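See structure below.
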Amino acid sequence: MKLKIAISAFALSFLFFSLSAQVRPVKKHRSTGSSIVRGKIVYTNICLSCHMANGAGVPHLNPPLINTDYVLRNKTNLIKIVLNGFNEDVEINGQTYSNTMTPHKDLKDRQIADVLTYVRKSFGNKASSVTAAEVKKVRAAK
Amino acid sequence: MKSKKLLILLLPVVAVIGLILFNACKSADNSNTADAGNAGLTIPAGFSATAIAENLGGTRHLVVTPQGDIYVHLEGARNGKGILVLHEEGGKAIVKSSFANYGGTGIAIKNGYLYASSNSDIYRYKLNDKNQVIDPAKPETIVSGLTNKRMHNSKSIILDNDGNIYVNIGAYSNICSDYDKDKKGCPVLNDAGGIWQFKADKLNQKQSDGIRYATGLRNVVGLDWNQQDNQLFVMQHGRDALHDLYPSLYTTKQSADLPAECMFALKKGDNAGWPYLYYDWMQHKKILGPEYGGDGKKEADSKYLEPAAAYPGHFAPDGLLFYTGNQFPEKYKNGAFIAFHGSWNRAPEPQEGYCVVFQPFKNGKPDGKWEIFADGFAGAQKDPGNAAHRPCGLAQGPDGSLYVTDDQKGTIYKISYKK
């Protein structure tokens, strides 16, 4: 309960801050709270404007993150997409998506793990978590 | 006695009801071809709109012949056919035939030929004296092998009066950052990010046979030839993600409003400055891009082309048409209609666009503020996934009516003016 209040207070203050501030402060990655909660913050800051708040993406341009093998199946491939970006033909449910995704190597292992955990457990997705150790391994193998 | 009094009292009420009924019948008579709701669109008084065809697929650009035939290009071929031929009669357009084994955007008619583009080639088909394609199975190839690297790969085409065809080759990148890491000059501009000019009647040209007519244009979908100026006008889709990439320089609100979607009047050799700059429609300035040392305020080198007009960020202009008809009121003559497909890159701010705008012109130059001409395409939800319709292509019919395509569901709207 306390946690919920804390989260909503944080979200509210974030909302007001981003509305009023001309220049937004660089947000530090929160180390408290669950992976999924921290992941949502990463998602909101980095992924949302292309993949949309509901993960549905944009027709023809940005692929959806809902109920697709790209998100649900192989964690290694999914981590690689975040690290290296994506510039390949992708077809999901008969639709193709043409925009290029830029690499996000600059994110920390923990941030990538959190955001992928959030994506794999949101928008109706029900898949396992991604850990920072898994991200570290994929990054090192490259 | 009492009932007489009551009658006198009620008389004005009855009269008003009668008047309302009479007027309702009258206006129904006036708009016998338009359905009462103007096909869900909001348009200026005196205009009417009808959906003359529906559920055609991803209808992109279109042309209407003097005989009332409509050629419309589908984004992806349906049943192996990418161009539909419709004939309009009595307020409805019926699909008569289809051809072309490729999807695409561009379509144009000039000097007895129908020109059409896939995402990498330009073809043409000879027309008979009724503007019908003589041999739909045997197009001539004008250009093949245009740059097609998925992103911004749709090819829009237009012809001038001197035997040339112009095609947009969009940049396969948002802002070139993955290709120009050392900031030595964006290599994408070598084979994309501009308008190329080819001979309209020379077969089997390659991209290298053409002229890079104008450069520094990120992606153009709407373009038209201005007959008054004898000049090419294009609409650029501005860059995305100012906030995502530079959160300390741009708020989410600024990133939604910026940069402007620009209209450019092009001459051979022009450089509109992508990826080095963007246009800020609120400051009325060309601003140095943050990737190249900009801070949101520093102005860009003045050598780059000034836009002819500017519109709010991410509206996505997909159609441009100079109105040369006589049906619409005088103020529309030689002005520009712009079909704004509607935004996706304004989140978390609300999405915008999804409308047709009118830009007044005077003596071949934008003159005065733009205004929304037709709105309501999106319906209840203005976002790319859930919008009911998204405007894309524009054409003028033989009677001066305006045609608008929707590539979300495949509606063709006809907007007419009745005096």
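The values are calculated or read from the model by the stated rules, or taken from the named source; none is laboratory data. All values reported here derive from a predicted model rather than from experimental measurement. Quick reminder, even Gly has a Cβ in these numbers, built from the backbone with ideal geometry, and neighbours come from all protein chains shown. Each accessible area value is taken on the protein alone, full model and side chains, heavy atoms only, with ligands, DNA and RNA left out. Shrake-Rupley method; radii C 1.70, N 1.55, O 1.52, S 1.80 Å.
Cα gyration tensor of the stretch B:48-146, axes a ≥ b ≥ c as square roots of the eigenvalues: rounded (a/c below 1.5), prolate (a/b > b/c) or oblate? Walk me through the intermediate numbers first.
Values: a/c = 1.95, a/b = 1.34, b/c = 1.45.
Note, shape of the stretch B:48-146 comes out oblate.
Using a cut-off of under 17 Å, list every residue of the stretch B:272-304 whose amide N is near the label point 7 Å from the Cα of residue B:211 along the Cα-to-beta-carbon line.
Those under the cut-off are B:272.
Tell me, what is the FRET efficiency for residue B:386 and residue B:55 to the nearest 0.05, using R0 = 25 angstrom and their Cβ-Cβ distance as r? If you can, show how the numbers build up before the last one.
On the way: r = 17 Å, r/R0 = 0.69.
My answer for the efficiency is 0.90.
So if I place +1 on the C-beta of Lys and Arg and -1 on the C-beta of Asp and Glu, and nothing else carries charge, what would the dipole magnitude of chain B be about its Cα centre? I want it in debye, nearest 20.
Working: 46 positive and 43 negative charges, 148 e Å.
With Lys and Arg at +1 and Asp and Glu at -1, about 700 debye.
Can you give the average number of partner chain beta-carbon atoms within 10 Å of each beta-carbon in peptide B:236-244, as a whole number?
On the way: counts 0, 0, 0, 0, 3, 4, 0, 4, 7.
Per residue, the average neighbour count from other chains is 2.
Nearest 100 Å² is fine: how much accessible area is buried between B and A, summed over both sides, with a 1.4 Å probe? Numbers along the way, then the final one.
Numbers: alone 18740 and 9210 Å², together 25950 Å².
Chains B and A together bury approximately 2000 Å².
Calculate one ³J(HN,Hα) per residue across the stretch A:88-99 by plugging θ = phi - 60° into the Karplus curve 6.51 cos²θ - 1.76 cosθ + 1.60, and present them in order as whole Hz with x for glycine and proline.
3J(HN,Hα) across the stretch A:88-99, in whole Hz: 10, 5, 10, 10, 10, 6, x, 9, 10, 10, 10, 6.
Across peptide A:49-59, what mean number of C-beta atoms from other chains lies inside 10 Å of a residue's C-beta?
On the way: counts 14, 6, 1, 7, 3, 3, 0, 4, 3, 8, 9.
The mean count of partner-chain Cβ atoms within 10 Å per residue comes to 5.
Grab the beta carbon distance between residue A:74 and residue B:365, set R0 = 56 Å, and tell me the FRET efficiency rounded to 0.05. Mind showing how you got there, number by number?
Values: r = 56 Å, r/R0 = 1.00.
Step by step, r from the Cβ atoms, then E = 0.50.
For the stretch B:57-65, take each phi angle, set θ = phi - 60°, evaluate the Karplus expression 6.51 cos²θ - 1.76 cosθ + 1.60, and give the result in whole Hz per residue in order, putting x for glycine and proline.
For the stretch B:57-65, the Karplus-derived couplings read x, x, 6, 9, 7, 8, 9, 10, 8 Hz, x marking Gly and Pro.
If one computes P(r) from the Cα atoms of the stretch B:242-393, what percent of pairs lie at distances over 22 Å? If you can, show how the numbers build up before the last one.
Numbers: 5303 of 11476 pairs.
Tail fraction, whole percent: 46.
Can you tell me what share of the DSSP beta bridges in the protein assembly as shown is antiparallel? A percent to the nearest 5 is fine.
Working: 97 of 100 bridges.
In the protein assembly as shown, approximately 95 percent of DSSP beta bridges are antiparallel ones.
Just in the stretch B:170-229: which trypsin sites (Lys or Arg not before Pro) are loop by DSSP and have at most 15 other Cβ atoms within 10 Å? Numbers along the way, then the final one.
On the way: sites: B:181, B:183, B:184, B:199, B:202, B:206, B:212, B:218; in loops: B:181, B:183, B:184, B:202, B:206, B:218.
Sparse-neighbourhood loop trypsin sites (Lys or Arg not before Pro): B:181, B:183, B:184, B:202, B:206.
If amide hydrogens are placed 1.01 Å from N in the peptide plane, which non-local residues have theirs closer than 5 Å to the one on residue B:373?
The list, which skips near neighbours in sequence, is B:356, B:357, B:358.
Specify the inter-centroid distance of the stretch B:230-244 and the stretch B:141-159, based on alpha-carbon positions, in whole Å.
17 Å
Can you find, among B:72, A:60, B:254, the residue sitting farthest towards the positive end of the charge dipole of the protein assembly as shown, where Lys and Arg contribute +1 and Asp and Glu -1 at Cβ?
B:254
Counting Lys and Arg as +1 and Asp and Glu as -1, what is the net charge of the other residues whose Cβ lies under 13 Å from the Cβ of residue B:366?
Working: positive: B:362, B:365, B:369; negative: B:229, B:306, B:367, B:371.
Result for the local shell: -1.
Between residue A:53 and residue A:128, what length in nm is gained on full extension when 0.36 nm per residue of separation is reduced by their alpha carbon distance?
Values: separation 75, 0.36 × 75 = 27.00 nm, distance 2.07 nm.
Working it through step by step, the gained length comes to 24.9 nm.
State the extension gain, in nm to one decimal, for the chain segment bounded by residue B:248 and residue B:204, taking 0.36 nm per residue of separation less the distance between their alpha-carbons. Intermediate values should be presented prior to the final figure.
Details: separation 44, 0.36 × 44 = 15.84 nm, distance 4.98 nm.
Difference between extended and current length: 10.9 nm.
Could you point to the residue in A:118, B:44, B:192 farthest towards the positive end of the protein assembly as shown's charge dipole, with +1 and -1 charges on the Cβ of Lys/Arg and Asp/Glu respectively?
A:118
Once a ≥ b ≥ c are taken as the square roots of the eigenvalues of the Cα gyration tensor of the stretch B:258-311, is the result rounded (a/c under 1.5), prolate (a/b larger than b/c) or oblate (a/b not larger than b/c)?
Working: a/c = 2.16, a/b = 1.32, b/c = 1.63.
In terms of gyration-tensor shape, oblate.
Counting only the heavy atoms of the protein chains, how much of residue A:106 is accessible to a 1.4 Å probe, in Å² to the nearest 10?
Accessible area of residue A:106: about 130 Å².
With θ taken as phi - 60° and the coefficients 6.51, -1.76 and 1.60, list the Karplus ³J(HN,Hα) couplings across the stretch B:133-147 in order, rounded to whole Hz; mark glycine and proline as x.
Working through the residues one at a time gives 5, 6, 10, x, 7, 10, x, 8, 8, 8, 9, 10, x, 5, 3 Hz.
Compute, for the protein assembly as shown, the length of the dipole vector about the Cα centre, with Cβ point charges of +1 (Lys, Arg) and -1 (Asp, Glu) only. Units Debye, rounded to 20.
1940 debye
Is the shape of chain B rounded, prolate or oblate, going by the alpha carbon gyration tensor and its root eigenvalues a ≥ b ≥ c, with a/c under 1.5 for rounded and a/b larger than b/c for prolate? Display every interim value, and only then the final one.
Numbers: a/c = 2.20, a/b = 1.40, b/c = 1.58.
Because a/c hits 1.5 or more and a/b fails to exceed b/c, chain B counts as oblate.
For peptide B:144-150, what's the mean number of Cβ atoms from other chains within 10 Å of each residue's Cβ? Before the final figure, lay out the partial values.
Values: counts 0, 0, 0, 0, 0, 3, 9.
That average works out to 2.
About the Cα centre of the stretch B:204-361, how large is the charge dipole given +1 on each Lys and Arg Cβ and -1 on each Asp and Glu Cβ? Please answer in debye to the nearest 20.
On the way: 15 positive and 18 negative charges, 60 e Å.
So the dipole magnitude of the stretch B:204-361 works out to roughly 280 debye.
Running Debye on the stretch A:35-141 with equal point scatterers at the Cα sites and no solvent, what base-10 log of I(q)/I(0) appears at q = 0.13 Å⁻¹?
Values returned for q = 0.13 Å⁻¹ are -0.41.
In 5 Å bins starting at 0, how do the alpha-carbon pair distances of the stretch B:124-222 split up by percent?
2, 13, 20, 21, 17, 11, 8, 4, 2, 1, 1, 0
With label points built 7 Å along Cα→Cβ from the Cα atoms of residue B:128 and residue A:95, find their separation and express it in nm.
4.1 nm
State the answer as a single residue: which of B:279, B:351, A:132 lies farthest towards the positive end of the charge dipole of the protein assembly as shown, with beta carbon charges of +1 for Lys and Arg and -1 for Asp and Glu, about the Cα centre.
A:132
Given a 1.4 Å probe, show me the residues in the stretch A:70-91 buried by at least 20 Å² of accessible surface when comparing the whole protein assembly to the chain alone.
Residues meeting the cut-off: A:87, A:89.
What whole-number volume per residue, in cubic angstrom, does the convex hull of the C-alpha atoms of the protein assembly as shown give? Mind dumping the intermediate values first?
Details: hull volume 117.1 nm³, N = 561.
Hull volume over Cα atoms, normalised by residue count, gives 209 Å³.
Spin-label point model (7 Å from Cα, Cβ direction): what's the residue B:330 to residue B:303 distance in nm?
4.6 nm
For a quick check of understanding: with a 1.4 angstrom probe and all protein chains in place, what accessible area in square angstrom does residue A:41 have, to the nearest ten?
In the full protein context, residue A:41 sits at about 50 Å².
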